Amino acid sequence: MSRIKLLKDVADDMSALAESIALLAKAIASDQEETEEPIPQLTLPDVRGVLAKKSQAGLTKGVKALIQKYGAERLSDVKPEDYESLLKDAEELG
C-alpha cells in the first residue's frame with residue numbers, strides 16, 4: 001500500500017472518530033438535561049409553616065425579628081427571593 005493511501009486512510013479514520021466523539025458529547029449533554037431535576041421553589045405557605053412552628057415553640061419574638069430583618073412587618077411582605085435565607089436564619093433560632 002502506498003504512503004499516500006495510508007495517510008488518506010488515517011485521515012478518514014480521524015474524521016470518523018471526530019464525528020463519533022461529537023455524537024457522544026451530544027448524547028451525554030442531552031442525558032444530563034433530561035435527568036436534572038428542577039429545584040423546588042419555596043412558597044409562602046412553606047415558610048409560614050416553619051415559622052409558625054417556631055412561634056408555637058415560644059420563639060415569637062425571634063420570628064418577628066427575622067421578618068423585620070428582611071425589611072418587612074408581616075411575613076407576606078417578605079420577598080420570595082429571601083425565603084431560603086429566612087428559613088436558614090429560622091433554623092438557628094432553636
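Nothing in this text is a laboratory measurement; each read-out follows from the coordinates by a stated rule. Predicted model only: the values in this text are computed from it and were never measured. Cβ sites come from the backbone with ideal geometry, for glycine too, and all protein chains shown count toward neighbours.
For the Cα atoms of the chain, what angle does the longest principal axis make with the long axis of helix 60-69, in degrees from 0 to 90, nearest 10? Helix 60-69 and the main axis of the chain meet at about 50 degrees. For the pair Glu84 and Gln32 in one chain, pulling the backbone fully straight at 0.36 nm per residue adds 16.1 nm over the alpha carbon distance. Each principal axis of the Cα cloud of region 1-52 was taken in turn, and the coordinate range along them, longest first, works out to 83, 13, 9 Å. The share of alpha-carbon pairs in the chain lying farther apart than 20 Å comes to 59%.
Taking 30 Å as the straight-line reach from the Cα of Lys53, the lysines in range (excluding those fewer than 8 positions away in the same chain) are Lys61, Lys64, Lys69, Lys79, Lys88. Between 0 and 90 degrees, the angle of helix 44-54 with respect to the longest Cα principal axis of the chain falls at about 50 degrees. Between Ala18 and Tyr70, the modelled label-to-label distance comes to 5.3 nm, taking each label 7 Å out from Cα in the direction of the beta carbon. Entry note, the chain: the mean residue ellipticity at 222 nm calculated from DSSP H runs of n ≥ 4, each adding -39500 (n - 2.57), is -22000 deg cm²/dmol after division by the residues and rounding to the nearest 500.
Between the Cα long axis of helix 3-35 and the first principal axis of the chain there is an angle of about 20°, rounded to the nearest 10.
Each label was represented as a point 7 Å from its Cα along the Cα-to-Cβ direction; for Ala11 and Gln56 these points are 7.7 nm apart.
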